[in-house]
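The block underneath contains the structure these notes are about, expressed in structure tokens.
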Amino acid sequence: MSDISQNGAPKRTGSLLSKDARTAKRNRAESRFKLYGILAIAVGLLMLVTLVYNIVSRGTGAFTQTFVTLEVTLSEDKLDKKGNRNLDEIKKVSTFGYAPLIKDAIGKEVEKLGIQTDLPAKKQAAILSKSAAAQLRDYVIANPDKIGDTVEFRFLTNSRVDGYMKDRVSRDSIANDKSISPAQLDFVDQLVAEGVIVKSFNLDFIFGADASDQRPEAAGIGVSMIGSLFMMLVVLVLALPIGVAASIYLEEFAPKNWITDVIEVNISNLAAVPSIVYGILGLAVFINYMHLPMSAPLVGGLVLTLMTLPTIIISTRASLKAVPPSIRDAALGVGASKMQSVFHHVLPLAAPGILTGTIIGLAQALGETAPLLLIGMVGFIASNAPDSVAGGLLSPNSAMPAQIYEWAKRADPAFYERAWGGIIILLIFLVTMNTVAVILRRRFERRW
Amino acid sequence: MPTLWLVVSVLVLAAIGYVLGRKRALQSANGNIRELHSLPIYYGLNVAFAALLPALGVLILWLLAQPMIIDSTVSGMVPHEAIPEETTLGLVMSDVRRVASGLDAAVEQGVMTLAESHSLRAEAADIRARLGEVGVALGAEVKAEVLQAAQSYRRMTATGTHAMTLVVALLAVTGLAIAYARTHKDFRARNVVERGILVLLILAASLAILTTIGIVFSMLFETMNFFGLHSWKDFFFGGIWAPNFRGDSELSILPLLWGTLFISFIALLVAVPVGLFAAIYLAEYANNATRSFAKPLLEILAGIPTIVYGLFALLTIGPMLVDFFGKGGLLGVEWMAGATSVLTAGMVMGIMLIPFVSSLSDDIINAVPQAMRDGSLGLGATKSETVRQVVMPAALPGIVGAVLLAASRAIGETMIVVMGAGAIAKFSLNPLESMTTITTRIVSQLTGDTDFASPETLVAFALGLTLFVLTLGLNILALYIVRKYREQYE
């Protein structure tokens, strides 16, 4: 035994109270090792902070938008030449017919405020969004009796002007930009000074629909939010009962044999299958084979159900397992059947845990994108919110993460701001769901 | 939606059955609950289940089987001469289906009468124009054979749906009647109901198996089709990925696999050291306060959706790397052309995997018995020496399992590589170049206009199957290692 220590360590000389070189070295190695650990955690936390900072700093811009307030005269000789207020004839005037009205309105505003500018009228009107004429037309069609009056409107400016107001666009960055000129930015400055152009909160981003890739200023996430909502509804209605039923069988009734083993191994493997594989499954089975409609939230919900089931089954089984056997024994002892003991006693006691697991599974499904791309829930799809439950399930729609992906793909940097803003909304949903799950767990968790 | 109404009426029937069954049982016991074998609720449920379950079961099976049967019968009717060169039966069948749904739409919108739609002849009427009116666009003129097939397709679908409604309704009523007739105070209703519930539970549990079978078969069939159109040797052993629409695509998985593995390797290079050291610190050094603060924060990283990481890669990390390595960058080199690259995707994926590695390793390190640490510390080893020479070797199999699980995650990850890795398939060792992966190609081959008869689309299924097998293999291996290791100390 004694020769072991003779081989390695050199013989110690001197006082025990003073550190020798070797101990000092070992101690240095110790603190180095500890430092690596601290560094690793710091790196992780730093990444989290960077991510959150990035999202917040780049996304909050999407919640404000630059607006121009103008008084537009809805002149009768342009919109309703015959003067008989026939809605079909009014509808014949296309958005091109409304453009002169806007041009006049800007001209009048400039005159009223006495702004000195040598910008031609057409260029002045070009600071507005392309959606302004459509907005005017929709208003006139909804209120044909207003023709001939002067009405105050709040128009969106185009995305370059909006970017200028948010410091995304500067006079240097638009050197090669055909859609805006420095002279127009000077004009914008003058209007800002007069209070005609203001930046204010943009509710349409939260509740509106996506817009074509020419009009980033008008794009909103609302309709795809409804798509996500319907998908979550499908997931909740299908995955919760099926998941709970499967877990009850596996945990309480299944005999120990190879079939049960196969099912169990299967479930833990399904939990780790890449999500895109579920997308392929959905495309092949639900769309190509069953001919369910492409891009429908129902199909998305079905795919996400299959994807979430393993998660829900695993967490439900854990919470069923946590209910002590004495509860079951007591129920059986007073004459309950096995089924009654499970449904009347074990299941209610496991409910908070099941609910927590379900919410976490739903949150995971809400953020999932890849399978949705394969079943066509991406692209400029729905411009209106669905009008009924069946429409919401079957008519083409997008989902929040797919909408964000769609924005990130487009060329105009103004859409990037939308994408980050969409992420803020998505994360608000996820944080809320996870917080509810944590609170439920804290509030109702029982230690036996 | 006649099917929806069918389901609703069966549900209503079941509800009525519940009330009737409960009432009849109580009547047979003269209103005295004690005379009944089971609680009254079970008699009601028995009748309701008898009306509901067989009917709904048949309905689901019918809905699944009918398209398959009709498809195979109708495609048997299309003569071989009617299939033009360069197309397949599948394409002709999709034409047939489109014409059929067009005719349905025309009848529904009142452009055509039902009788007219059945008696249409391709020679007589300009079907393409008339279907165009109702918003069904057809690529070419409708051939007589296709029209005929479409009409029998419609006839069979209509007959099938009628028959289904009839059978389901009949089953529901018969079930209700039989169960109602059997309801009596001595009837062992609870046992029957519980057996029924047990069957439902078993069905739910076997859905997991069905999903797996569905995954495997849905990809296997299309992969077979793909290998019918494209040589498997080129897929597995070719060196070039170059899909085109002239029909001479080179579709080899190897360059994609290389991109996938390269990006996953970089991701693990980031995630494993950081995750492992974080886990060691949290398990061995941190006090309770630090632990309860840092662990949940790190785990937030795991809960962030991958689309967020994708955007982070595309708009933050990518441009940042270009600032360093790109043209006019801080290092003065011109190594990077665009924001998408292997390094971009790999780094971001690594960040995503940090909590995955750290929480798995944390569990494994904590599972190492305290006695082993005490023994080492008692011999005079420092803490870090204990970790390196005692805890780590003991935890190694588990940590290898954790790394394998992380690798399988990285290989199957989609959004980060779709947004951060680029689209060029090649073999290169330069991490600053953009490369593409298996998952990226699956997405790009299956989105947009897809033609399920071309090898360029079908290759996605072969890629998906390869991906599935690859990740499944890694998972099984990892779970096996982790489980085996756990047994060692329990």
Checklist entry - Which condition number does A:Asp77 fail, the rest of (1) over 41 Å from the mean Cα position of the chain (by Cα); (2) among the acidic types (Asp, Glu); (3) surrounded by 16 or more Cβ atoms within 10 Å (Cβ to Cβ) being met? => result (3)
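Condition test on B:Leu315, is it more than 26 Å from the chain's Cα centre (by Cα), closer than 25 Å to A:Leu372 by Cα, of a type outside the set (S, T, N, Q) and facing another protein chain (nearest Cβ under 9 Å)?
Working: more than 26 Å from the chain's Cα centre (by Cα): yes; closer than 25 Å to A:Leu372 by Cα: yes; of a type outside the set (S, T, N, Q): yes; facing another protein chain (nearest Cβ under 9 Å): yes.
It is true that B:Leu315 is more than 26 Å from the chain's Cα centre (by Cα), closer than 25 Å to A:Leu372 by Cα, of a type outside the set (S, T, N, Q) and facing another protein chain (nearest Cβ under 9 Å).
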Checklist entry - So which residues in region B:451-465 are more than 10 Å from chain A (Cβ to nearest Cβ) and either in contact with a Cys (Cβ under 9 Å, 6 or more places away or on another chain) or among the small types (Gly, Ala, Ser) (or both)? => result B:Ala453, B:Ser454, B:Ala462
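Just to check your reading of the model, which residue among B:Ala302, B:Ala283 is in a helix (DSSP H, G or I), modelled with pLDDT under 90 and assigned by TED's automatic domain parsing to the domain that holds B:Glu413? Break it down into steps so the answer makes sense when it comes.
Working: B:Ala283 fails: modelled with pLDDT under 90.
Of the residues listed, the single one that is in a helix (DSSP H, G or I), modelled with pLDDT under 90 and assigned by TED's automatic domain parsing to the domain that holds B:Glu413 is B:Ala302.
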Checklist entry - Only one of B:Leu298, B:Leu282, B:Leu256, B:Leu315 is of a type in the set (A, V, I, L, M, F, W, C), crowded, with 19+ Cβ neighbours inside 10 Å and without any contact (Cβ under 8 Å) to a residue 60 or more places away in the chain; which? => result B:Leu315
Next on the checklist: For region B:285-295, give me each residue that is over 13 Å from B:Asp362 (Cα atoms) and either among the charged types (D, E, K, R) or surrounded by 23 or more Cβ atoms within 10 Å (Cβ to Cβ) (or both).
Outcome noted: none
Checklist entry - In region A:366-381, is there at least one residue being within 30 Å of B:Leu4 (Cβ to Cβ) and more than 14 Å from chain B (Cβ to nearest Cβ)? => result no
Next on the checklist: Just to be sure I understand, how many residues within region B:160-191 are in contact (Cβ under 8 Å) with a residue 40 or more places away in the chain and over 30 Å from B:Leu36 (Cβ atoms)?
Outcome noted: 7
Checklist outcome for this item: Reported set for region B:390-406 where residues are crowded, with 24+ Cβ neighbours inside 10 Å and among the hydrophobic types (A, V, I, L, M, F, W, C) is B:Ala395, B:Ala402, B:Ala406
Checklist entry - List the pairs whose first member sits in region A:112-124 and is assigned by TED's automatic domain parsing to the domain that holds A:Ala193, whose second member is in a loop (DSSP other than H, G, I, E, B) and not aliphatic (A, V, I, L, M), and whose Cβ atoms are under 9 Å apart, counting only residues at least 6 apart or on separate chains? => result A:Leu119/A:Ser181; A:Lys123/A:Ser181; A:Gln124/A:Thr117
Next on the checklist: Would you confirm, using the coordinates I've provided, whether B:Phe325 is away from chain A (no Cβ under 11 Å) and among the aromatic types (Phe, Trp, Tyr)?
Outcome noted: yes
Checklist outcome for this item: Those residues of region B:152-197 which are surrounded by fewer than 15 Cβ atoms within 10 Å (Cβ to Cβ) and within 14 Å of chain A (Cβ to nearest Cβ) amount to B:Arg188, B:Arg195
Checklist entry - Can you name the residue in region A:182-210 that is among the small types (Gly, Ala, Ser) and surrounded by fewer than 17 Cβ atoms within 10 Å (Cβ to Cβ) and, of all such residues, is nearest to the chain's Cα centre (by Cα)? => result A:Ser200
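Residue by residue through region A:390-415, note down the ones that are farther than 30 Å from B:Trp5 by Cβ, in contact (Cβ under 8 Å) with a residue 12 or more places away in the chain, aliphatic (A, V, I, L, M) and within 11 Å of chain B (Cβ to nearest Cβ).
The first filter runs over region A:390-415 and keeps only residues farther than 30 Å from B:Trp5 by Cβ, leaving A:400-415.
Imposing the further condition that a residue be in contact (Cβ under 8 Å) with a residue 12 or more places away in the chain reduces the set to A:400-407, A:410-415.
Next cut, aliphatic (A, V, I, L, M) only: A:400, A:402, A:404, A:411, A:414.
Within region A:390-415, A:Met400, A:Ala402, A:Ile404 qualify.
Of all residues in region A:235-270, how many are outside any helix (DSSP H, G or I) and either of a type in the set (Lys, Arg) or crowded, with 16+ Cβ neighbours inside 10 Å (or both)? First the steps, then the outcome.
Restricting attention to region A:235-270, the residues satisfying the condition of being outside any helix (DSSP H, G or I) are A:254-257.
Next, only the ones that are either of a type in the set (Lys, Arg) or crowded, with 16+ Cβ neighbours inside 10 Å (or both) stay: A:254, A:256.
So the answer is 2.
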Checklist entry - Would region B:442-450 turn up any residue that is at the interface with chain A (Cβ under 9 Å from one of its Cβ atoms), outside any helix (DSSP H, G or I), at pLDDT 90 or above and farther than 25 Å from B:Thr344 by Cα? => result no
Checklist entry - Can you pull out the residues in region B:466-480 that are within 9 Å of chain A (Cβ to nearest Cβ) and either under 16 Å from the mean Cα position of the chain (by Cα) or touching a residue at least 40 places away in the same chain (Cβ under 8 Å) (or both)? => result B:Leu467, B:Phe468, B:Thr471, B:Leu472, B:Leu474, B:Asn475, B:Ala478, B:Leu479
Next on the checklist: Within region B:345-352, does at least one residue satisfy the condition of being within 14 Å of chain A (Cβ to nearest Cβ), assigned to a helix (DSSP H, G or I), closer than 30 Å to A:Ile425 by Cα and more than 26 Å from the chain's Cα centre (by Cα)?
Outcome noted: yes
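For every residue, the table says whether it meets (1) modelled with pLDDT of 95 or more; (2) in contact with a Gly (Cβ under 6 Å, 6 or more places away or on another chain); (3) within 13 Å of chain B (Cβ to nearest Cβ); (4) in a loop (DSSP other than H, G, I, E, B).
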{"site": "A:Thr50", "(1), (2), (3), (4)": "no, no, yes, no"}
{"site": "A:Val72", "(1), (2), (3), (4)": "no, no, no, no"}
{"site": "A:Asp77", "(1), (2), (3), (4)": "no, no, no, no"}
{"site": "A:Lys81", "(1), (2), (3), (4)": "no, no, no, yes"}
{"site": "A:Asn84", "(1), (2), (3), (4)": "no, no, no, yes"}
Checklist entry - When only residues in region B:270-293 that are among the hydroxyl-bearing types (Ser, Thr, Tyr) and in contact with a helix residue (DSSP H, G or I) (Cβ under 9 Å, 6 or more places away or on another chain) count, which is nearest to the other protein chains (Cβ to nearest Cβ)? => result B:Tyr281
Checklist entry - Got a number for residues in region B:27-81 being crowded, with 18+ Cβ neighbours inside 10 Å and of a type in the set (Ser, Thr, Tyr)? => result 3
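Tell me, which residue of region A:280-299 that is of a type in the set (A, V, I, L, M, F, W, C) and assigned to a loop (DSSP other than H, G, I, E, B) is modelled with the highest pLDDT? Show your work before the answer.
Step one: of region A:280-299, the residues of a type in the set (A, V, I, L, M, F, W, C) are A:280-281, A:283-287, A:290, A:292, A:294, A:296, A:298-299.
Applying the additional criterion that residues be assigned to a loop (DSSP other than H, G, I, E, B) yields A:290, A:292, A:294, A:296.
On the way: A:Met290: 79, A:Leu292: 80, A:Met294: 83, A:Ala296: 88.
Checked region A:280-299; the qualifying residue modelled with the highest pLDDT is A:Ala296.
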Checklist entry - Among the residues of region A:390-415, which ones are surrounded by 19 or more Cβ atoms within 10 Å (Cβ to Cβ), assigned to a helix (DSSP H, G or I) and either among the polar types (S, T, N, Q) or modelled with pLDDT of 85 or more (or both)? => result A:Met400, A:Pro401, A:Ala402, A:Gln403, A:Ile404, A:Tyr405, A:Glu406, A:Trp407, A:Ala408, A:Ala414, A:Phe415
Checklist outcome for this item: Inside region B:317-344, the number of residues satisfying the requirement of being in a helix (DSSP H, G or I) and under 29 Å from B:Ala406 (Cα atoms) is 11
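The values are calculated or read from the model by the stated rules, or taken from the named source; none is laboratory data. Predicted model, so just to flag it, every value in this text is computed and none were measured. Neighbour counts are summed over all protein chains in view; Cβ atoms, including those assigned to glycine, are modelled from backbone coordinates with ideal geometry.
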